[in-house]
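> Next up is a structure, given as structure tokens.
The values are calculated or read from the model by the stated rules, or taken from the named source; none is laboratory data. The structure presented is a predicted model; accordingly, all values stated were derived computationally and were not measured. In this analysis, Cβ positions are derived from the backbone assuming ideal geometry, glycine residues included, and neighbour counts consider all displayed protein chains. The protein model used for the area step is the full one, side chains on, heavy atoms only, and it has no ligands, DNA or RNA in it. Shrake-Rupley method; radii C 1.70, N 1.55, O 1.52, S 1.80 Å.
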Amino acid sequence: AGWSFSNGPEWPGAVGELEWSATEGRAAPGAAEVVFNFEKGGNYVAAIVKLPADPPVKAVRLWLKKPGGNLVTFRAADGEGQTFQKNLRYTFPGWQRIDVTLGQWNFHWGGANDGTVRGPYRDFHILIENDGGIRTGSMFIDDVEFLTGPTDDAGSLKTATYEAATFALDEG
């Protein structure tokens, strides 16, 4: 509920759909599947979810499984229609946990078009790009969480790092 699909209509040619996969899933069967086909062009397809306004969402945590070569882009629109965007390139084709801080954006347009967020974010977009990776396939999305906790002054989630394992040669 609350999810929709876009075929990136400003660049015609991409086709696809957002559906439920009963067989894929990170920890158990069941995940959203973004099916894409760029054989006739287009730049991207996207899954879009509405965000709650209260409390304001500061980050989105999700698990993705995508083809290794395709770029993933994240967008969020503020309360006055300005859209913000950042890209993420990684090649691992298995499930990957990603925390997307809603801040420190690379691009913005629409609304006031000044890079200043006005009001709470109203929606969040997960795009798979037509950028030299595979032209047909699926991206899977699972275990999406909206994080509302504290952030640092730059807008990043406050985090701590700890050592879980040390890999070293046993010289004994």
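> Of Ala59, Ala22, Ala14, which has the largest mean-square fluctuation in a 10 Å C-alpha GNM of the chain?
Ala22
> Just flag the trypsin sites (Lys or Arg not before Pro) in segment 1-62 sitting in loop per DSSP whose Cβ has no more than 16 other Cβ atoms within 10 Å.
Filter output for segment 1-62: Lys40.
> If you plug each phi of segment 102-118 into the Karplus form 6.51 cos²θ - 1.76 cosθ + 1.60 with θ = phi - 60°, what whole-Hz ³J(HN,Hα) values come out, in order, with x for Gly and Pro?
8, x, 6, 7, 8, 9, 8, 6, x, x, 6, 6, 10, x, 9, 6, 10
> Students sometimes get this wrong: rank Phe5, Phe92, Phe124 by accessible area, probe 1.4 Å, all chains present, largest first.
Ranking Phe5, Phe92, Phe124 by accessible area, largest first, yields Phe92, Phe5, Phe124.
> Accessible area per residue of the chain at 1.4 Å probe, in Å²?
55
> For the modelled label position 7 Å from the Cα of Lys40 along Cα-to-Cβ, which residues of segment 2-32 have backbone nitrogen atoms closer than 13 Å?
Only 12-16 pass the distance filter.
> I would also like to ask the following. Between rounded, prolate and oblate, where does the chain land on the alpha carbon gyration tensor, with a ≥ b ≥ c its root eigenvalues, rounded for a/c under 1.5, else prolate if a/b exceeds b/c?
oblate
> For segment 20-82, what class follows from the C-alpha gyration tensor (a ≥ b ≥ c being the square roots of its eigenvalues): rounded when a/c is under 1.5, otherwise prolate if a/b is larger than b/c, else oblate?
oblate
> Of the heavy-atom accessible surface of segment 14-126 (probe 1.4 angstrom), what whole percent is carbon and sulfur?
C and S atoms contribute 50 percent here.
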